[in-house]
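First the structure, in the form of structure tokens, and then the observations on it.
The values are calculated or read from the model by the stated rules, or taken from the named source; none is laboratory data. Just so we're clear, the structure is a prediction, and the values are computed from it rather than from any experiment. Note: ideal-geometry Cβ built from the backbone for every residue, glycine included; neighbour counts use all protein chains shown. Surface accessibility is based on the protein's heavy atoms, side chains included, excluding ligands, DNA and RNA. Shrake-Rupley method; radii C 1.70, N 1.55, O 1.52, S 1.80 Å.
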Amino acid sequence: VQLQASGGGLVQPGGSLRLSCAASGSIFKFNVMGWYRQAPGKQRELVASMTFGGITDYADSVKGRFTISRDNAKNTVYLQMDSLTAEDTAVYYCNGFTAYTGKTDWGQGTLVTVSS
């Protein structure tokens, strides 16, 4: 299953963006799907994740501002990002983890730039 991330762009501080991660096949193969980000000069970090059962988890820095969700019919996972700040500027990646293979599939990144 290939993952295709989209929805990045330039947004002003305080603005919103919604990222999409479309899978070429069923997302039910993944036990966990997540969004990561990597800012210039920093390590990639987990932003949000959702288990097969719908349990979500968020980095402290985005709690209350970001929401991960999915549309099973569209095999797509979303990341709604609100109240964006310059510190949210990064390349955002989606991934999916399959427990029985131990494999993690990654999508290509989508750049989010928060700037006035």
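Below are the figures for this structure:
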{"item": "Equivalent ellipsoid semi-axes - Cα gyration tensor, the chain, angstrom", "result": "23, 13, 13"}
{"item": "Dipole magnitude of the chain, debye to nearest 20 (Cβ charges: Lys/Arg +1, Asp/Glu -1, about Cα centre)", "result": "220"}
{"item": "Extension gain from Ile55 to Leu111, taking 0.36 nm per residue of separation minus the Cα-Cα distance", "result": "17.5 nm"}
{"item": "Carbon/sulfur fraction of accessible area - the chain, other protein chains in place, 1.4 Å, %", "result": "50"}
{"item": "Choice from Gly25, Gly54, Gly41 showing the highest fluctuation, given a GNM over the chain with Cα pairs closer than 10 Å", "result": "Gly41"}
{"item": "All aspartates and glutamates inside 18 Å of Lys29 as judged from Cα atoms, apart from same-chain residues fewer than 8 positions distant", "result": "Asp71, Asp105"}
{"item": "The chain: relative contact order in percent, alpha carbon pairs under 8 Å with at least 6 residues between", "result": "37"}
{"item": "Heavy-atom accessible area per residue - the chain, 1.4 Å, Å²", "result": "52"}
{"item": "Segment 1-69 - Rg and Dmax from Cα coordinates, angstrom", "result": "13.0, 36"}
{"item": "Contact order normalised by residue count of segment 32-92, Cα under 8 Å, 6+ apart, percent", "result": "31"}
